[in-house]
1. Using the 2.2 N^0.38 Å rule of thumb for compact globular proteins, work out how the stretch B:136-244 stacks up: its C-alpha Rg over that value, please.
2. Which of A:84, A:96, A:45 moves most in a GNM of chain A, Cα contacts under 10 Å?
3. Rounded, prolate or oblate: pick one for the stretch B:96-160, where a ≥ b ≥ c are the square roots of the eigenvalues of its C-alpha gyration tensor, a/c under 1.5 means rounded, and failing that, prolate if a/b is larger than b/c, else oblate.
4. Over all directions, how big on average is the projection of the convex hull of the alpha-carbon atoms in the stretch B:217-258, in square nanometres?
5. What is the Cα centroid distance between the stretch A:58-101 and the stretch A:142-216, reported in whole angstrom?
6. Checking understanding here: applying a Kyte-Doolittle mean of at least -1.0 and a length along the axis of at least 18 Å (C-alpha), which whole DSSP H helices in chain B pass?
7. Starting from the amide H of residue A:2, placed 1.01 Å from N in the peptide plane, find each other amide H under 5 Å away whose residue is 5 or more places distant or on another chain.
8. All other residues with a Cβ under 14 Å from the Cβ of residue A:10 taken together, and with Lys, Arg as +1 and Asp, Glu as -1, what is their net charge?
Amino acid sequence: MLEVSGITQIFGGVTALDTVSFSIAKGDITGVIGPNGAGKTTLFNIISGIYRQTAGTVLLEGINVTGFPPERLARLAMVRTFQNIELFGGMTVLENVMVGMHTKSSSGLLACALKMPWSVSEERRIREGAAKWLEFTGILDLSDHTADSLPFGKGRLLEIARALAALPRIILMDEPAAGLNSQETLALAQLIKRIRDLGITVVLVEHDMELVMDICDRIVVLNLGRKLAEGTPREIQESPEVIAAYLGDDD
Amino acid sequence: MVNPIRSGSDTMKRDLLLFVAFSLLVMMAPQYFRGSYLMNVLVFVGINTMLAIALNLLLGYAGQISLGHAGFFGLGAYLSGIMTTTFSVNPWVAMPVAALAVGGLAFLIGFPVLKLKEHYLAMATLGLGIIFYITFNETYEWTGGPSGLSEIPNLRVGGIIFNSDVKNFYLIWGVTLVVMLFALNLANSRVGRALRAVHDSEIAAQVLGVNARLLKVQIFALSAIICSLAGSLYAHTMTFISPTSFGFNFSIELLTMVVIGGLGSIYGSFLGAALLTLLPEILRGANDYDIIIYGGLLVVMVMYMPGGLVRGIPALYRKFVKQKPETGHA
């Protein structure tokens, strides 16, 4: 599904990532973990096309997407969420998710401005699709609220609903449990499993070890910009290198 | 439980009704103001509404500032004026040709300029406006320079020549209402949402597949096309144009209309344009003090109605009349 090889990122004189390689199987939930400063978010920014890496390649379903801008990756059915949720604050919850369907709709500027019949029927389809994903994430009753007014936990769900509306085959989540209370985290775990059950490959960066061990099929461990280990949650928990890296830095 | 599908079609009906009501009100205006000096002012309200909508699409929706929009307005006016006087082109042909030329130019300029953000974008568009202004002044073989370009023909349809305030009112407002409907449709569409998304979080919009760079350039070009159209209509109704109408001051006035009316609201652009066009006429009696009243009003508006008239007036109504908490949005 996703294959990264030899990813290296150098900022000024600092090597943030050093020849990191791994591959992610279709339909898995994969967790990327590591102590602070391990390079997890940098790696996500490279995979999602926000940073351009110093070296290395990214293959998405066999296509070399190295250096593709984010909007092109979205058309190849890869979307992501952000650690500090990036909502469209001035728009309603429903409108946020409607933007998620951008790549699944095509009416251009003129067709929209002239309200051509096909753009009107497409608009209805967008609205229905968006409502469906709000229902999936359990926030349909908040449709008319502005995104700015949502509590953080609901905002997180909205960001996920919006990403799902793009009908991704792979979704990257940057610390989805950050800022959530324990109840919300439990609900999030269920939601992520339901997303996987839709056949969507999930990759997440996460600090909440309980969550990672509970839901992930595979785990990649980064430390100081290098890949330290890779395996099932059980293998990772028993790996001496991982235990050493986390000693004294127990999150 | 809210039903978003149902509420969507209800909103569409309500919006259409509002637009029809607004159009009827506008079309009835000559009944009350025929023969008065205000008739002429209302023609300018129409032109300024078009310009404010054009700038609002860029600033209020896409979140990209322009301090040079008077330049596109002037370019439309001069292209139309020169084509119809020097080259005797039919005004109905000159207007779309000018609009396409200005749109094409804006599209080309847009790619490098809209890479800039915020203050830098403001500076670049400010420079652009000044370049246009200098060009109008200096290419006097074509534009007549500071003394202006005169004897621009009126528009005509069959035997009707648009040369009176009432006829011009219907002409200008006919076009303005079309531009308004066009902008309203756009605002509540896939493209309008993508614009607002770019405004709120460009990175999130990109991750969802919105080509932010291209979209910004497209809306910049569309905005310039509307300005050009307004400029052509201005030239053909006034029959005389000179560079002073298209300078930096007017760009700032347009910006003020958009902000005072309400960013991201098409009707707000009308309110802002109406207020800023009518105010100088109302304050005429105040002689030299008008500028003080004018400035004071701006300060009060920005301090107490940061959402503009279109949001401020309903808020005041709720506060003093209904005492009801705010729900939903316009």
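What follows draws every value from the coordinates through simple rules; no lab data is involved. The model shown is predicted, which means the values in this text are computed figures rather than measured ones. Neighbour counts are summed over all protein chains in view; Cβ atoms, including those assigned to glycine, are modelled from backbone coordinates with ideal geometry.
1. Details: Rg = 19.1 Å, N = 109, 2.2 N^0.38 = 13.1 Å.
The value comes to 1.46.
2. Between A:84, A:96, A:45, it is A:84 that shows the largest mean-square fluctuation.
3. oblate
4. Numbers: hull surface 13.6 nm².
Its average projected convex-hull area is 3.4 nm².
5. A separation of 14 Å, based on Cα centres.
6. Length and hydropathy pass: B:4-33, B:38-56, B:69-85, B:91-113, B:118-138, B:165-187, B:212-238, B:248-261, B:266-282, B:290-304.
7. A:24, A:61
8. +1
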